[in-house]
Every structure is written in C-alpha cells, then in structure tokens.
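Colleague: Sharing a structure below in structure tokens format, with a few things to ask.
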Amino acid sequence: MLYREAGQFKTDYRADQAIFPIRQDRIGFAVILIVAIVIVPLAGSNFLIGSVLIPALIFSLAAIGLNLLTGYTGLLSLGTGGFMGVGAYACYKLTTAFPGINVILLIFASGFPAAAVGAVFGLPSLRIKGFYLAVATLAAQFFLSWAFIRIAWLYNYNVSGAIEVPTRTLFGIPVTGPNATPVTATWLCSASSSC
C-alpha cells in the first residue's frame, strides 16, 4: 500500500458510503480514466483500439449491468450477453429503419426492445431464484444467440450474415459505419458506458 487513510476524516454518511472514500483513490481513478479515454485512443493503433479498447468498454457495460442486478437483488443472471445483444441488434435495426434520427436517441430507444425481451424471459422466472434462475437466464442466452444467427431479418437479409452499419454522424462527425474512426467509436462507447 502506497498511502494510508489516516488524516482523511468523514463528517457525514454520504462521505462514509462513497465508492472511493480516500482522496488518493479518487485521484488514481481519475488518472486511469483520462489515460483510458483520452491518451490511449489518441496514441494507440487502430488495431489496439478496435480489438482491445472498444470490446473492453462493451464488456464493462455488461459488467455494470450484472453488478446492478446482483447488487440490488442478490440474484445471478447468465443471460446478460443475450440481453445486451438484443439492445445492440435493436439499435442496428432502428438505425437502418430511421436514417434521419439522431444516433444518441436510437441508442436510448434500443433499451426498450431489450427490456421487453427481458420481461418476456423474466416474467415466467419471477418465482425462481438461485441455481434455477441462472439456468433459466442461460437458456435465454442460448436462445437469443441462436436467434441472432438464424433469423435473417435481424441482419437485414444480408447473404453473408454480416452486419453492415450505415454511416451515422453526430455533430457532423461520423460515429458509425465505414467512415467512422476508431477514436470516435471509442468515445461514443465511453459516453454510453458512463450514462
């Protein structure tokens, strides 16, 4: 340990229950965020950003969702990836169906289909918990993974089965599609992780 908590007194409950109650922890976390969000995208190669940083940000979104679920309810879900996939495919379908709408609104709107699919799988599972809930959500994960590959409507009937995202701009800067740079995609992922 490089520092101690001595001399950092808490005067109210809010300060005592803070995620980072020690000043050095807050400073260290801020430095890590600045390095990860500003320095690495600007200094890293396109391969590093596209293959490491963006997937790490997406997985951190999944971890935050699972952390909220487990922290507030004490339940474990193994279908988090499937429900995230529903949100991603919903955003893709909304992007291709409504090309004139702002991409940020579409990101927020894609949460509704994910919530609806979560309710379809969640309502029958209301009375189960523990291992049985984990198995039920794992079944949802397998079904949704199967549906993403087999239902051609989800990938717009593309012969190769690949998803081709159209170019969308935010404040005149392309953030999706082939014209988007990895740095802007990283900053968009960072902004959606912080929301």
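Rule-based calculations on the coordinates, nothing more; no lab input. Since the model is a prediction, treat every value here as computed from it, not as a measurement. Every residue, glycine among them, receives a Cβ derived from its backbone with ideal geometry; neighbour counts consider all protein chains shown.
Colleague: Take each of the peptides 128-134, 175-181, average the number of other beta-carbon atoms within 10 Å over its residues, and list them starting from the highest.
Modeller: Order by mean packing, descending: 175-181, 128-134.
Colleague: Tell me the net charge near Gly177. Cut-off is 10 Å between Cβ atoms, Gly177 excluded, with +1 for each Lys or Arg and -1 for each Asp or Glu.
Modeller: Combined, the nearby Lys, Arg, Asp and Glu give 0.
Colleague: Right, next: Kindly put Thr70, Thr80, Thr137 in sequence by how many other C-beta atoms sit within 10 Å of each C-beta, fewest to most.
Modeller: Arranged by neighbour count, lowest to highest, Thr70, Thr80, Thr137 become Thr70, Thr80, Thr137.
Colleague: Grab the beta carbon distance between Val165 and Ala139, set R0 = 30 Å, and tell me the FRET efficiency rounded to 0.05.
Modeller: The formula returns an efficiency of 0.55 here.
Colleague: Which of Gly50, Pro124, Thr176 sits closest to the plus end of the dipole of the chain, meaning its Cα is farthest towards the positive end, when Lys and Arg get +1 and Asp and Glu get -1 on the C-beta?
Modeller: Pro124
Colleague: For the stretch 83-162 and the stretch 165-180, what is the separation of their Cα centres, given in Å?
Modeller: 23 Å
Colleague: Helix by helix, which DSSP H runs in the chain go 27 Å or more along their axis at the Cα atoms and have an average Kyte-Doolittle hydropathy of 0.0 or more?
Modeller: Membrane-span-like by this rule: 54-73, 131-150.
Colleague: Please list, in chain and number order, the residues 5+ apart from Thr176 or on another chain whose amide H is under 5 Å from its amide H, with Hs placed from the backbone.
Modeller: The list, which skips near neighbours in sequence, is Arg168.
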